[in-house]
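What follows is calculated from the coordinates using simple rules that are stated; it is not laboratory data. This one's a predicted model, so the numbers in the text were calculated from it and none came from an experiment. Here the Cβ is made from the backbone with ideal geometry for all residues, glycine too, and neighbour counts use every protein chain on show.
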Ligand SMILES: Nc1ncnc2c1ncn2[C@@H]1O[C@H](COP(=O)(O)OP(=O)(O)O)[C@@H](O)[C@H]1O
Ligand SMILES: [Mg+2]
């Protein structure tokens, strides 16, 4: 029974900062939940409240069946891994991992067994006698995780544990954490500002902004059906393109009208947009849903439009093309690198309109 629930949790710091407001989150037993949002949105505060390191101003936190608002951190059976590792500099790796168990009065034989087990899982058996200053960033990170593993907690909390590592190591440790979760199957709550980490690690991701969670779903559901413009723009790289415009109706067909071009609305998004005829809204399209017209032989003529290619960025297997419309709207397309168009010219493009998104200009909520 290691599910974690936050019900209408609010945190106001003594200085008046409301870091978390009315937060609702239900983490299932054995689930890997990734809490993702920009810096300052309240992720660390939320995690520290779950750990018991920070008091809850309003609302309730449950671990398993138990209300833990007033349970001290040491009695919550939770282990937290911090961004800065917080290893004890004068202890070697073994002692760092053993320390928490020693404090809790575990017998030496049990401590030894658990540290060895954790060292084996994390492949750090060879460095048990080293001090933190003798370790690489990746090794320090493993030790910090090891210190959490030996406790065999009900729930692991991770606060941006990879952000101090360089890009290669970060990707490698990400895979290791994924493997660790598959092996231990313990409930994990993982906080990050990095949407790639959240997408790749989370069974589900919770997207947070300004103290509130906007959407909690499986990564690909969030990607395909974002609840609002913020979520749509935050998840995915390069981010979704947004273009202001309106909906116009001609005969029985609907079009998105950018001002310098019109594209036909696809059947799967048409119905909710009938209410938006002659009204302003925001059109959203992901970079990978834009195609070079030359490569789409079956493109409907009414969906082909021109835009000026300002910059082409080769990324290896794909290129990012930066376009500008006659109305000065900018957007990015992601296309396979073999197509290699040169910058500084007009190009004919096609949107996959069945993948288009539309947002209310005032509320920024998703229309469809
Ligand atoms: N101890 C504190 N006292 C006052 N304000 C704080 C404290 N800790 C964090 N904050 C503020 O609360 C907000 C959320 O911070 P934090 O939870 O650290 O966000 P994140 O981890 O998402 O970057 C920020 O505006 C931050 O400045
Ligand atoms: Mg933080």
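Points to keep in mind about this one:
- Label point 7 Å beyond Cα of residue 320 along Cβ direction - residues of region 216-250 with amide nitrogen under 11 Å: 237-240
- Each residue in 220, 97 was given a count of other beta-carbon atoms within 10 angstrom of its own, and listing them fewest first yields 220, 97.
- The order of the peptides 41-47, 59-65 by mean Cβ neighbours within 10 Å, most packed first, is 41-47, 59-65.
- The helix-only estimate of mean residue ellipticity at 222 nm for the chain, built from DSSP H runs of length n ≥ 4 each weighted as -39500 (n - 2.57), is -7500 deg cm²/dmol after division by the residue total.
- When only alpha carbons are used to place a centre, region 208-253 and region 270-321 end up 15 Å from one another.
- Given their separation in residues at 0.36 nm each and the Cα-Cα distance between them, residue 361 and residue 116 gain 82.5 nm when the chain is fully extended.
- Cβ-derived FRET efficiency at R0 41 Å, residue 60 paired with residue 178, nearest 0.05: 0.85
- For the pair residue 310 and residue 75, a Förster radius of 51 Å applied to the C-beta separation gives a FRET efficiency near 0.30, rounded to the nearest 0.05.
- Per-residue extension of 0.36 nm, minus the Cα-Cα distance of residue 221 and residue 279, leaves a gain of 18.1 nm for this segment.
- Choice from 205, 78, 338 with maximal GNM fluctuation in the chain (Cα, 10 Å cutoff): 338
- Fewest neighbouring Cβ atoms within 10 Å first, the residues 39, 2 line up as 39, 2.
- C-alpha long axis of helix 108-122 to longest principal axis of the chain, angle in °: 20 degrees
- Full extension of the chain between residue 126 and residue 339 gives 71.8 nm of extra length, using 0.36 nm per residue less the Cα-Cα distance.
- Distance from the Cα centroid of region 50-71 to that of region 178-197 is 22 Å (rounded to whole angstrom).
- Of all the options 194, 352, 275, the one that moves most in a Gaussian network model of the chain with Cα springs shorter than 10 angstrom is 275.
- Of all DSSP bridge pairs formed entirely within region 4-234, close to 50 percent run antiparallel.
- Label-point separation, residue 102 to residue 164 (7 Å along Cα→Cβ), nm: 2.1 nm
- In degrees, nearest ten, helix 167-184 long axis to first principal axis of the chain (Cα): 60 degrees
- Residue among 239, 226, 301 with the largest mean-square fluctuation in a Gaussian network model of the chain, springs linking Cα atoms under 10 Å: 301
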